[in-house]
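Novice: Structure below; questions to follow.
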Amino acid sequence: MANYPTIDSELLRTFVAIADESGFTRAATALNRTQSAVSMQMKRLEEDVLQRPLFLKDGRQLCLTAEGQVLLGYARRILKLQGEVLSSLREPHMVGTVSIGTPDDYVMRFMPSILARFAQTYPMVQVELHCEPSYQLLQRKDLDLTIVTREPGKEIGQLLRQEQVVWAQAAGVNLHEQSVLPLAMFNSDCFCRAWACNALDTMERDYRVAYTSPSLSAIMAVVSIGLAITAQLQSLVHADMRIIGKEEGLPDMPSASIVLLRNSRNQSPVTECLAEYIAEGFRL
C-alpha cells in the first residue's frame, strides 16, 4: 500500500471555505483568520500534501481546477463524517422526539437518506413524520420542523433548494398532441396547479384537469400509465417519464423554493441537529 501523507482536516476546512466564498479574502473573514494564514495553508495543501494545483485565475475570478473539483466533493464528505463521529461519541446521550412536517412530494425523494444518516448517529431520537400539503402545514403550530414549497419572492425560513417546475408525461406517449390536454394535478390550493393553468390559459391552450389528488404518489401513478400530463418540480419526475416543454407546445414554468421552518417555541439541540441533516440532504 502506498505511503501517502495524511490531510489535516483544518486544511480541508479552509479549502472548502475558499471554494464556498469564491476567494481567499472572504474565506479568511469567514474563518476569522488572516489572508496570509489562509494562503499559507493552501500552499501547504497544494505543494506539500497533494502536489497538485487546486485553484486557477480566470480574470478576476478564482476557479477550481479539475483536481480541485474532485477534492471539494471528498472534503465535504470527510468533514461531514468527522462531525458525525464527534457528535456520536460526545453526545451519545442525545434523546428526545422531533416532529417534522413535509409534503409527501419529498418523502421518497429526500427523506430516506436524511433519516438513515441521522439515525446512525442518534439512534435514540424518535422522529415523527407528518405528511400534508404545504398550505396545511403552514397553518400548524405544533411541529418542530416544517418543510414547505413556496413561490418565488415568498420564501420564509431557511432556503433548502430552488427547482424548476417542468411538464412531464409517461415515456412513449404523446398526450401533448391531443387537442385538449389531460392534466393530473394537486388539489386547487396548490400554487403549482395555478401556475400551470394560468400559463395554459395565457397561451390559449385547451386543457382539462382530469385527475386531482393531494398525494404526489397518486398523481405520478396516473401520469406513469399514460393517462395525463403533470407539472411538478424537476427532481420529482420519475425515471419512466419524460420532461416536455416548448418543443411540445407547452409554456415555460417558473421555479419554486423549498424552505425549512423552525418552531421557535420548540427548539432543542436534537431539533437543530436534525435541521442540519435536512439542509445537507436537500443540497445533494
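Novice: Does anyone have the angle between helix 111-121 and the longest principal axis of the chain? Alpha-carbon axes, 0 to 90°, nearest 10?
Specialist: Approximately 30 degrees, to the nearest ten.
Novice: Moving to a separate point now. For Tyr74, Tyr4, Tyr211, Tyr106, which order do you get if you count the other beta carbons within 10 Å of each Cβ and list the fewest first? All intermediate terms of the calculation are to be shown ahead of the outcome.
Specialist: Values: Tyr74 11, Tyr4 8, Tyr211 17, Tyr106 24.
Final ranking by Cβ density, sparse to dense: Tyr4, Tyr74, Tyr211, Tyr106.
Novice: Right, here's the next one. Treat the count of other C-beta atoms within 10 Å as a stand-in for reagent exposure and order Met111, Met94 from fewest to most.
Specialist: Details: Met111 20, Met94 17.
Ordered by Cβ neighbours within 10 Å, fewest first: Met94, Met111.
Novice: Kindly give the semi-axes, whole Å and largest first, of the ellipsoid equivalent to the stretch 212-275, taking each as the square root of 5 times a Cα gyration tensor eigenvalue. It would help to have the intermediate numbers written out before the result.
Specialist: Working: eigenvalues 231, 47, 22 Å².
Square roots of five times the eigenvalues give 34, 15, 10 Å.
Novice: Then there's this: Using only Cα atoms, find the angle between the long axis of helix 66-90 and the longest principal axis of the chain, and express it within 0 to 90 degrees, rounded to the nearest 10.
Specialist: Approximately 80 degrees, to the nearest ten.
Novice: Next question, about the same structure. On a straight-distance basis, which lysines could pair with Lys57 in a cross-link, Cα separation under 20 angstrom, same-chain partners fewer than 8 positions away excluded?
Specialist: Counting by Cα, and skipping residues close in sequence, Lys57 has these lysines nearby: Lys43.
Novice: Rounded to the nearest whole Å³, what is the per residue volume of the convex hull around the Cα atoms of the stretch 162-257?
Specialist: Numbers: hull volume 8.4 nm³, N = 96.
Residue-normalised Cα hull volume stands at 88 Å³.
Novice: How much mean residue ellipticity at 222 nm does the chain get from its helices, if each DSSP H run of length 4 or more adds -39500 (n - 2.57) and you divide by all residues, to the nearest 500 deg cm²/dmol? List each step's numbers first, then the result.
Specialist: Details: 9 runs with 106 residues, N = 284.
Rounded to the nearest 500, the figure is -11500 deg cm²/dmol.
Novice: How large is the Rg to Rh ratio of the stretch 9-90 when both quantities use alpha carbon positions and Rh follows Kirkwood? If you can, show how the numbers build up before the last one.
Specialist: On the way: Rg = 13.1 Å, Rh = 13.2 Å.
My calculation of the ratio gives 0.99.
Novice: Could you list which residues have their amide H under 5 Å from that of Val127, counting only those 5 or more apart in sequence or on another chain, with H placed in the peptide plane?
Specialist: Residues meeting the criterion, in which the H sits 1.01 Å from N, are Val98.
Novice: Considering only DSSP states other than H, G, I, E and B, which trypsin sites (Lys or Arg not before Pro) in the stretch 39-117 qualify as loop sites with at most 11 other Cβ atoms within 10 Å?
Specialist: On the way: sites: Lys43, Arg44, Lys57, Arg60, Arg76, Arg77, Lys80, Arg90, Arg109, Arg117; in loops: Arg60, Arg109.
Loop-located and lightly packed - Arg60.
Novice: With every atom except the alpha carbons ignored, what do you get for Rg and Dmax of the stretch 46-179, in angstroms?
Specialist: 21.4, 67
Novice: Oh, and also: Note the angle between two axes, namely the Cα long axis of helix 269-283 and the longest principal axis of the Cα atoms of the chain, as a number of degrees from 0 to 90, rounded to the nearest 10.
Specialist: Compared with the principal axis, the helix lies near 70 degrees.
Novice: Using θ = phi - 60° and the Karplus curve 6.51 cos²θ - 1.76 cosθ + 1.60, what whole-Hz ³J(HN,Hα) does each residue of the stretch 218-223 get, with Gly and Pro shown as x?
Specialist: Calculated HN-Hα couplings, in order: 5, 4, 5, 5, 5, 5 Hz.
Novice: Treat the chain as a sphere of radius equal to its Kirkwood radius over Cα pairs and apply Stokes-Einstein at 25 °C in a medium of 0.890 mPa s; give the translational diffusion coefficient in µm²/s, rounded to a whole number.
Specialist: Numbers: Rh = 22.0 Å.
Rounded, D is 112 µm²/s.
Novice: What's the exposure ranking of Thr6, Thr146, going from fewest to most Cβ atoms within 10 Å?
Specialist: Working: Thr6 6, Thr146 22.
By the 10 Å Cβ count, ascending, the order reads Thr6, Thr146.
Bear in mind these aren't lab numbers, they're just calculated from the coordinates by the rules spelled out. This structure is a prediction, so every number in the text was calculated from the model and none was measured. Positions of Cβ are generated from backbone atoms using ideal geometry, with glycine treated the same way; all protein chains shown enter the neighbour counts.
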